[in-house]
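This report refers to the structure that appears directly beneath it.
The values are calculated or read from the model by the stated rules, or taken from the named source; none is laboratory data. Owing to the predicted nature of the structure, the values given are computational and were not obtained by experimental measurement. Note that we place each Cβ from the backbone using ideal geometry, even for glycine, and neighbour counts take in every protein chain shown. Surface areas here come from the heavy atoms of the whole protein model, side chains and all, with no ligands, DNA or RNA. Shrake-Rupley method; radii C 1.70, N 1.55, O 1.52, S 1.80 Å.
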Amino acid sequence: MKVVLFCGGPGTRLWEEAEAIPKPMVPLGYRPVLWHVMKYYAHYGHTDFILALGAQAEAIKDFFLHYDEALTNDFVMSGGGRQIDYISTDIHEWKITFADTGVHSSIADRLRAVRRYVGDDEMFLANYSDGLTDLSLDRYIADFSSSANIANVLLVQPPLTYHEVTADERGQVTGIEPVAQSGLWINGGYFVFRAEIFDYIEAGDDIATDVFRRLIKIDKLGSTRYEGFWAPLDTFKDKQRLDEMFMSGAAPWEVWKDGRA
């Protein structure tokens, strides 16, 4: 299956000293979060990627044009450094289409812009490129394939430290509990689409508030609730948490390391 990755948002600053960079290029260990997302899909055999680029597209293009396999793979150096033989490689089987989808385009407009690269495929995958999970992708796709839905959304519970507070008309607090335990489910950014999705997108649409609402009206938007690992990369605190997991050597999203199905 082809995988559409939305990489066109404006630059982000996750720490004060950092220059603004595209969020998908925020580093986790040796590689940007975009690479981690792609590595996840590649583990399940989906290596045909379409990058819907926008702001600071050159940073993403430059990363892949000057990709250094030595950072994350074992290799043998000989001839005083003149010859490098890689024992394993990351991206040699990947096919990556770099598509300029506009600096200020919405997610839905970016999706419309890459329609020609999706081609005649009946189904394809899509991702916001800034969240990580250990979801069993094969099972996720199989469940969608057996449905009549046009799109499917991964629902996750936000790993936030905020508290949900309820109060009566006097302003007296009647309840307080962590958001993560409040029963709230949010869009986790992992999608499966059928080609019919393009029939429900209009220029300037927002994918969630416009396109998905149209699918809801015809009962064609499915969802999968997932209580396993999922984490966003939105704040400096998120990055610190993910960095700690990566440095521990037991990052849950690195499903390729233990051959999980």
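Hey, any idea what % of segment 103-170's accessible area is carbon plus sulfur with a 1.4 Å probe?
47
For the chain, which longest stretch is free of loop sites, where a loop site is one of the trypsin sites (Lys or Arg not before Pro) that DSSP puts outside H, G, I, E and B and that has at most 15 other Cβ atoms within 10 Å?
171-259
Using the alpha-carbon centroid of each, what span in Å lies between segment 125-185 and segment 188-232?
14
Tell me, what is the FRET efficiency for GLU69 and PHE229 to the nearest 0.05, using R0 = 35 angstrom and their Cβ-Cβ distance as r?
Calculated transfer efficiency: 0.80.
Any idea of the accessible area per residue across the chain, 1.4 Å probe, to the nearest Å²?
Each residue of the chain exposes 52 Å² on average to a 1.4 Å probe.
Going by the alpha-carbon gyration tensor, a ≥ b ≥ c the square roots of its eigenvalues, is segment 59-171 rounded (a/c under 1.5) or, if a/c is not under 1.5, prolate (a/b greater than b/c) versus oblate?
Prolate is the answer for segment 59-171, as a/c is 1.5 or above and a/b outweighs b/c.
Can you give the % of DSSP beta bridges in the chain that are antiparallel, to the nearest 5?
If we restrict to bridges inside the chain, about 55 percent are antiparallel.
ARG116 to TYR30: extension gain in nm, 0.36 nm per residue of separation minus the Cα-Cα distance?
Length gained, ARG116 through TYR30: 27.7 nm.
Shape verdict for segment 122-261, please, from the Cα gyration tensor: rounded (a/c under 1.5), prolate (a/b greater than b/c) or oblate.
Taking the square roots of the gyration eigenvalues as a ≥ b ≥ c, segment 122-261 is oblate.
My understanding is that a pair violates if its Cα-Cα distance is over 23 Å; which of LYS23/LYS61; LYS95/LYS257; LYS95/LYS237; LYS39/LYS61 do that in this structure?
Checking Cα-Cα distances, LYS95/LYS237 exceed 23 Å.
By how many degrees, between 0 and 90 and to the nearest 10, does the Cα long axis of helix 236-248 differ from the longest principal axis of the chain?
The two axes meet at around 50 degrees.
So, counting K/R as plus one and D/E as minus one, what does the shell of residues with Cβ under 9 Å around VAL211 add up to?
Taking every Cβ under 9 Å from that of VAL211, the sum is -2.
Using 0.36 nm per residue, how much length does the chain from LYS257 to ALA208 gain when fully extended, once their Cα-Cα distance is taken away?
My answer for the length gained is 14.3 nm.
If I compute log10 I(q)/I(0) by the Debye sum over Cα atoms at q = 0.08, 0.12, 0.14 Å⁻¹ from the structure I just sent, which labelled value in (1) -0.32, -0.74, -1.01; (2) -0.36, -0.79, -1.06; (3) -0.40, -0.79, -0.99 lines up?
(2)
Suppose every K and R has +1 on its Cβ and every D and E has -1 on its Cβ; what is the size of the dipole of the chain about the Cα centre, in Debye to the nearest 20?
280
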